[in-house]
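The values are calculated or read from the model by the stated rules, or taken from the named source; none is laboratory data. Keep in mind the model is a prediction, meaning the values are calculated, not measured. Here the Cβ positions follow ideal geometry from the backbone for every residue, glycine too, while neighbour counts run over all protein chains shown.
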Amino acid sequence: MEFRKDFLWGGATAANQCEGAFDIDGKGLSVADAMPGGKNRFSIISSLEFDWDIDTDKYYYPNHLGIDHYHRFKEDIALFAEMGFKAYRFSIAWSRIFPQGDELKPNEKGISFYEALIEECLKYNIEPVVTISHYEMPLHLAKNYGGWKNRELINFYERYVEVLFERFASKVKYWMTFNEINSAIEFPALSQGLIPKTGANNFTDRFQAWHHQFVASALAVKIGKRLRKDIQIGCMQIYAPMYAFDSNPSNQFASQFKQRVFNYFTSDVQVRGYYPTYISQLLQHYDAKMPIMEKGDKELLKENTVDYIGFSYYMSMAIDETNSEATDPAAGNLMEGVRNPFLESSEWGWQIDPLGLRISLNDLWDRYQVPLFIVENGLGAKDEIDDNGEIHDDYRIDYLAKHIQAMADAVTDGVDLIGYTPWGCIDLVAASTGEMSKRYGFIYVDLDDQGKGTLDRKRKKSFNWYKQVIASNGENVIQQ
Ligand code: BG6
């Protein structure tokens with residue numbers, strides 16, 4: 001097995017889950033700031049009453065503090081550099097740059113913060129990989145414009161992207177336009193700013209919102225290429241193989257449908273530059289109307305396709321349409337399906353499937369033949385500090401080692417894989433539950449689910465393991 005010489009080993013975070021400083025230096029509120037912590041986070045947001053209001057008497061909002069990366073990014077990046085990171089994927093909080101989202105002039109203090117963050121990466125030869133919008137659109141746009149179903153958001157996003165590219169494109173080569181754009185089919189609050197009150201339960205709105213995001217993403221590609229010829233702008237999605245539960249043709253057909261709607265629809269548009277013909281099947285299934293398009297949209301999509309596919313990979317799903325008694329629902333990363341009897345699950349019920357990563361890489365490569373970048377992967381687990389003050393997270397090492405082996409196998413199969421930035425390289429707030437105790441990091445952060453702790457950082461056992469994985473360019477994945 002051999003990874004490219006310039007393989008981008010690193011780690012990934014998102015502004016809303018790590019920065020904290022939610023109201024500092026002119027930052028406006030984002031949708032993430034209005035999401036309460038706790039396992040019922042998504043059910044609260046999915047309720048008909050939810051209105052984006054922040055009620056600190058009733059709930060704790062973990063994203064307000066994050067892990068205080070805003071004030072500690074130098075210390076954190078130094079630790080990433082110690083591990084030998086070649087790349088750091090982070091996101092820019094839109095509401096730091098445009099606090100409400102619809103202003104004409106950006107907030108200079110927000111720009112300065114990212115300027116410093118980028119410089120800090122470059123100081124260590126760490127390639128910044130930037131997500132333009134990672135589940136953190138300005139709250140005002142969700143609340144008062146109805147999120148991405150409103151076409152006006154394209155203009156606001158365009159203005160935001162212009163500012164980012166003008167200031168940073170000379171320093172940042174790798175970008176992604178929207179985090180996990182496909183997740184909206186299951187839960188549109190995070191990426192589209194849609195809640196039941198503003199249309200989340202109406203699939204016409206979700207498809208319309210997607211159309212606006214596709215146009216906005218294509219505009220970002222257009223602007224980026226104008227400013228920097230070798231800029232690399234990717235889409236970003238969840239990829240999770242949707243296996244048929246058994247050989248019953250009904251389940252095979254259901255699996256094909258799920259593959260289309262979940263794994264392929266958004267990338268078909270963003271990579272190929274046009275809507276797939278099977279959109280009629282999707283619209284019929286969800287009782288939705290064809291999105292309204294304006295003159296010029298189709299040409300824009302066609303002419304401004306993405307350069308690479310960034311994707312998160314955590315798990316696979318099994319699909320059982322026949323509702324056989326043999327199946328139980330499975331928990332998932334913004335997806336629905338049933339438990340696969342051949343797989344084990346994490347404590348949060350996510351089914352662990354390294355071979356599924358090899359399958360995913362091959363499927364994506366066969367379909368698109370554009371470079372692939374795994375920008376999230378990892379195991380959310382509880383960590384214990386032992387009597388010597390150490391954290392022996394062998395379960396995490398085991399998970400990551402098996403996935404890196406699967407990547408190597410896929411490279412041997414012929415896939416063009418350009419990088420790997422495992423999720424939450426430093427512990428941060430979980431997106432689905434707002435928990436701190438669901439940890440992914442190589443670096444432990446002393447903070448609990450209620451925001452108590454010193455915020456001190458500590459290297460876990462996986463820290464040194466990952467360091468030698470990077471140093472050997474992926475040769476030494478087995479624990480020494
Ligand atoms: C991805 C998101 O869905 O999964 C991240 O892009 C998220 O923002 C990650 O944190 C892991 O999910 P969770 O819910 O365990 O944090």
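Given Asp393, Asp416, Asp387, which one is acidic (Asp, Glu) and free of Cβ contacts under 8 Å to residues at least 40 places away in the same chain?
Asp387
Restricting the search to segment 357-380, which residues are within 16 Å of the ligand (Cβ to nearest atom) and not in a loop (DSSP other than H, G, I, E, B)?
Of everything in segment 357-380, those that are within 16 Å of the ligand (Cβ to nearest atom) and not in a loop (DSSP other than H, G, I, E, B) turn out to be Leu357, Ser360, Phe373, Ile374, Val375, Glu376.
Could you go through segment 398-415 and let me know if any residue there is within 16 Å of the ligand (Cβ to nearest atom), among the hydroxyl-bearing types (Ser, Thr, Tyr), under 15 Å from Gly380 (Cβ atoms) and in contact with a Leu (Cβ under 6 Å, 6 or more places away or on another chain).
Yes, segment 398-415 contains a residue that is within 16 Å of the ligand (Cβ to nearest atom), among the hydroxyl-bearing types (Ser, Thr, Tyr), under 15 Å from Gly380 (Cβ atoms) and in contact with a Leu (Cβ under 6 Å, 6 or more places away or on another chain).
Scan Phe342, Phe311 and give me the residue that is closer than 25 Å to Ala200 by Cα and either at pLDDT 95 or above or in contact with a Cys (Cβ under 8 Å, 6 or more places away or on another chain) (or both).
Phe311
Restricting the search to segment 1-42, which residues are small (Gly, Ala, Ser) and modelled with pLDDT under 95?
Hit for segment 1-42 is Gly38, nothing else.
Condition test on Val445, is it farther than 27 Å from Gln237 by Cα, away from the ligand (no atom under 13 Å from the Cβ) and in contact (Cβ under 8 Å) with a residue 12 or more places away in the chain?
The answer is yes for Val445.
Being within 20 Å of the chain's Cα centre (by Cα) and assigned to a helix (DSSP H, G or I) is true for just one of Ile67, Ile118. Which residue is that?
Checking each option against the conditions leaves just Ile118.
If you check Leu428 against the conditions, is it in contact with a strand residue (DSSP E or B) (Cβ under 9 Å, 6 or more places away or on another chain), under 23 Å from His71 (Cβ atoms) and buried (at least 17 other Cβ atoms within 10 Å of the Cβ)?
Taking the combined requirement at face value, the residue satisfies it.
Is it the case that segment 89-96 has a residue that's among the aromatic types (Phe, Trp, Tyr), within 22 Å of Pro128 (Cβ to Cβ) and in contact with a Gly (Cβ under 6 Å, 6 or more places away or on another chain)?
The answer is no, given that none of the residues of segment 89-96 is among the aromatic types (Phe, Trp, Tyr), within 22 Å of Pro128 (Cβ to Cβ) and in contact with a Gly (Cβ under 6 Å, 6 or more places away or on another chain).
Would you be able to tell me the number of residues in segment 19-46 that are within 14 Å of the ligand (Cβ to nearest atom) and either over 25 Å from Leu194 (Cβ atoms) or touching a strand residue (DSSP E or B) at 6+ places or on another chain (Cβ under 7 Å) (or both)?
1
Going by what's in this entry, would Gln468 be described as surrounded by fewer than 20 Cβ atoms within 10 Å (Cβ to Cβ), in a helix (DSSP H, G or I) and free of Cβ contacts under 8 Å to residues at least 40 places away in the same chain?
The answer is yes for Gln468.
Quick check on my filter: what residues within segment 169-223 are among the small types (Gly, Ala, Ser), farther than 19 Å from Val129 by Cβ and within 16 Å of the ligand (Cβ to nearest atom)?
Ser183, Ala184, Ala189, Gly193
Enumerate the pairs (first residue in segment 158-182 and closer than 17 Å to Ala93 by Cβ and in contact (Cβ under 8 Å) with a residue 40 or more places away in the chain; second residue anywhere and more than 16 Å from the ligand (Cβ to nearest atom) and hydroxyl-bearing (Ser, Thr, Tyr)) with beta-carbon separation below 6 Å, excluding pairs fewer than 6 apart on the same chain, so at least 6 apart or on different chains.
Thr177/Ser217
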